[in-house]
1. Which pairs have Cβ atoms under 6 Å, sit 6 or more apart or on different chains, and link a residue in segment 517-533 that is touching a residue at least 24 places away in the same chain (Cβ under 8 Å) and closer than 13 Å to LEU107 by Cα to one that is open to solvent by less than 40 Å² (accessible area, probe 1.4 Å) and not in a helix (DSSP H, G or I)?
2. Kindly check whether there is at least one residue in segment 440-462 that is surrounded by 21 or more Cβ atoms within 10 Å (Cβ to Cβ) and touching a Leu at 6+ places or on another chain (Cβ under 9 Å).
3. Would you point out the residue of segment 484-503, among those that are under 13 Å from ALA422 (Cα atoms) and among the charged types (D, E, K, R), that is least open to solvent (accessible area, probe 1.4 Å)?
4. Checking the structure you have, find out if any residue of segment 77-89 is in a helix (DSSP H, G or I), touching a strand residue (DSSP E or B) at 6+ places or on another chain (Cβ under 9 Å) and farther than 19 Å from PRO306 by Cβ.
5. Considering only residues of segment 77-123 that are loosely packed, with under 15 Cβ neighbours inside 10 Å and under 28 Å from the mean Cα position of the chain (by Cα), which is nearest to ALA162 (Cα to Cα)?
6. Only one of these conditions is not met by GLY179: (1) over 36 Å from the mean Cα position of the chain (by Cα); (2) of a type outside the set (S, T, N, Q); (3) at pLDDT 75 or above; (4) open to solvent by 30 Å² or more (accessible area, probe 1.4 Å). Which number is it?
7. For segment 201-236, what are the residues that are among the polar types (S, T, N, Q), within 15 Å of GLY386 (Cβ to Cβ) and open to solvent by 20 Å² or more (accessible area, probe 1.4 Å)?
Amino acid sequence: MATSFRRRSGTAGWSLTSIIAALLVVVPVAMLASSILRPSPDVWAQQWRTRLPGELVTTAILLTGVAVGAVVLGAGLAWLVSAYEFRGVRTFGWMLILPFAMPSYILGFLTLSTFGRTGPIQDTWRSWFGPDAWFPEIESLTGAIVAFTLVLYPYVYLLARAALRDQAAGAYHAARTLGAGPSEAARRVVLPLVRPAIAAGAAIVMMETLTDFATVQYFGVDTVSVGVFRIWNGTYDRNAASEIATLVLGFALLAIGLERIGRGRARFGQSGGAAAGIERRTLTGWRSWAATAVCGGVVVAAFVGPVVQLLIWAVREQVGDRGTPLLDQYPGYLWNSLQLVFFTVLICTVVAVVVANARRFGGRRSTQLASRAIAVGYAVPGPVVGMGVILTMVAVDTGLEAVGLDLPGFVATGSLLVLVYAYTVRFLAPGLSAVESGVAQVPEEMTASARTLGATPLETARRVHLPLAKASLFSAAVLVGVDALKELPIVLLLRPLGFDTLPVWVYNLASESRYEQAALPALSIIVVALIPVFLLSRRLDGARR
């Protein structure tokens, strides 16, 4: 009894901190969701008479098209590199995740500048076949679907490949032993087993598509997210913008619901031991070349080609006699981005460490629920988080004024503090997931021994948990930092006056068709985003071995 009391003593503060962190994440989303309980009939009537019906239809078509494209491409490539042996299969196994480092708003303007009406491809096409020769319309809904599919399919690819390695391999081998052919075993055994992973990947793809607003604007596509930004930037009517943002939240909940339906009651797990994966069949002749061409074509279209084009533009812009003061502006935008990334990583990592250790020390139901509630911020689109934070800060301003602190608009007005808060709400979940995985690898006996010997929770965390989980801490910092660097919708909604980051700079330049000047900041974002891709490739290589 005394030992149990000693183990639990001093943990109340950790549990309370984790609950407060969860509340700070949930409140903005709850504030936005509650706005639908106080609808403004005039706002909805005006929106319904103008753009809203078209935005709803376009959003539904976009989400469906990107989800289907990502599932076909991601699951197909995962099966190709998992079940067959062909030229370069092991290299393509990790190269196919490179598009993770390519933000959709960068690939979007690159696609338009290359294949658009005034791009070099159409110019060459018309010179060959005449000025009236037909060419597919790039600036369209179809063009947006293709661009999103190329950068988002890795979500499905990674989850499907992991399921093929860890869950489907044994069943596939058993089916082949019982006489089923390769195609029959894949259709009747493998596909049902990897369905939950594919459904989860499709849901993530839909959420990422829904949170985007820059790429669809490049392609002239009106979605609900674009409607939120149009209202906010055009009128600064937070009530109207927040009510329309509830539709974005509704689409997000729909995506989660479809994922549950797609997964059904399926629950699969690796039974233990090292998964050997599916035995690969060797492709020969034209089939081997075709598989290599498919994988190589995807890598070139989604990553290598765009990066080469950016490098050409960046070099041309700097060595050419253009007199562009790009390098003079670059340090300021980079400094703004680094400030935002630093504070976001610092806060997310510290909070993640506290919450993860609170779960280990306390194990109370409230702590467990707090850990799960923190995932809400990452499960909803960026515009929802941004508008929710605006409503929350307005409520704080009103509260301060009520107690005599006459600071109207001090909190709600764009500031770095509010921006960091919104980023923390959005990106705390991946950081917490990484830290929790590291703390979970520390044997509970070591924690219990330290507590029994009289170590306080803080000493146990500092001297036992953190040294053993430092690799996970690094992973958490990298994941949060890269997400924060790439984020565009939240910073466009909440940035202080004159506070532009690298993504905002890229977006502004691309919106003005100044593509070559956008090359240097775009390359900077991609280079940093390659860090988690490198970590993922090492993990894939280790799993294969």
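1. Taking only residues 6 or more apart or on different chains, not a single pair turns up.
2. Checking segment 440-462: not a single residue is surrounded by 21 or more Cβ atoms within 10 Å (Cβ to Cβ) and touching a Leu at 6+ places or on another chain (Cβ under 9 Å).
3. So the residue we want is GLU487.
4. Taking segment 77-89 first, the residues in a helix (DSSP H, G or I) are 77-83, 89.
Right, trim to touching a strand residue (DSSP E or B) at 6+ places or on another chain (Cβ under 9 Å) and you get 83.
The next check asks that each one be farther than 19 Å from PRO306 by Cβ; those that pass are 83.
Checking segment 77-89: at least one residue is in a helix (DSSP H, G or I), touching a strand residue (DSSP E or B) at 6+ places or on another chain (Cβ under 9 Å) and farther than 19 Å from PRO306 by Cβ.
5. ARG90
6. Against the list (1) over 36 Å from the mean Cα position of the chain (by Cα); (2) of a type outside the set (S, T, N, Q); (3) at pLDDT 75 or above; (4) open to solvent by 30 Å² or more (accessible area, probe 1.4 Å), GLY179 comes up short only on (3).
7. Result: ASN233, single match.
Let's see how each residue does on (1) in contact with a strand residue (DSSP E or B) (Cβ under 8 Å, 6 or more places away or on another chain); (2) over 30 Å from VAL482 (Cβ atoms); (3) among the aliphatic types (A, V, I, L, M):
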| position | (1), (2), (3) |
| --- | --- |
| THR424 | no, no, no |
| PHE427 | no, no, no |
| ALA440 | no, no, yes |
| THR447 | no, yes, no |
| ALA450 | no, yes, yes |
| VAL464 | no, no, yes |
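The values are calculated or read from the model by the stated rules, or taken from the named source; none is laboratory data. These numbers were taken from a predicted model, which means no experiment stands behind them. Note: ideal-geometry Cβ built from the backbone for every residue, glycine included; neighbour counts use all protein chains shown. All accessible areas refer to the heavy atoms of the entire protein, side chains included, with ligands and DNA or RNA removed. Shrake-Rupley method; radii C 1.70, N 1.55, O 1.52, S 1.80 Å.
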